[in-house]
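Q: Dropping a structure here in structure tokens format, bear with me for questions.
The values are calculated or read from the model by the stated rules, or taken from the named source; none is laboratory data. Just so it is clear, the model here is predicted, and its values are computed rather than measured. Cβ placement follows ideal geometry from the backbone for every residue including glycine, while neighbour counts extend to all protein chains displayed.
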Ligand SMILES: [Zn+2]
């Protein structure tokens, strides 16, 4: 493998974070919410929709919480 091939592989690996529950591609918001709600040091993540189901909260509530985290200046959502 050439250096650039390794780099490309590494990059595609970095970009392939998917929800461990529904396998949807994750946004930084999904990852931030998971870290905030579950485990700051997590390396596997669930999307916001699956987390809502997991915690039994409506999606609107999650959006509201993220908005609040953001307003408090949480680094996970900046
Ligand atoms: Zn999911």
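Q: Give the residue, chosen from 43, 29, that is in a helix (DSSP H, G or I) and more than 12 Å from the ligand (Cβ to nearest atom).
A: One residue alone meets the criteria, 29.
Q: Here is a follow-up. Looking for whichever is closer than 21 Å to residue 20 by Cβ, touching a helix residue (DSSP H, G or I) at 6+ places or on another chain (Cβ under 7 Å) and within 15 Å of the ligand (Cβ to nearest atom) here; the options are 57, 48. Which one fits?
A: Among 57, 48, only 48 is closer than 21 Å to residue 20 by Cβ, touching a helix residue (DSSP H, G or I) at 6+ places or on another chain (Cβ under 7 Å) and within 15 Å of the ligand (Cβ to nearest atom).
Q: Let me ask you something else. Do we have any residue at all in the stretch 16-37 that's loosely packed, with under 10 Cβ neighbours inside 10 Å and modelled with pLDDT under 95?
A: Within the stretch 16-37 (the criterion being loosely packed, with under 10 Cβ neighbours inside 10 Å and modelled with pLDDT under 95), the answer is yes, since at least one residue qualifies.
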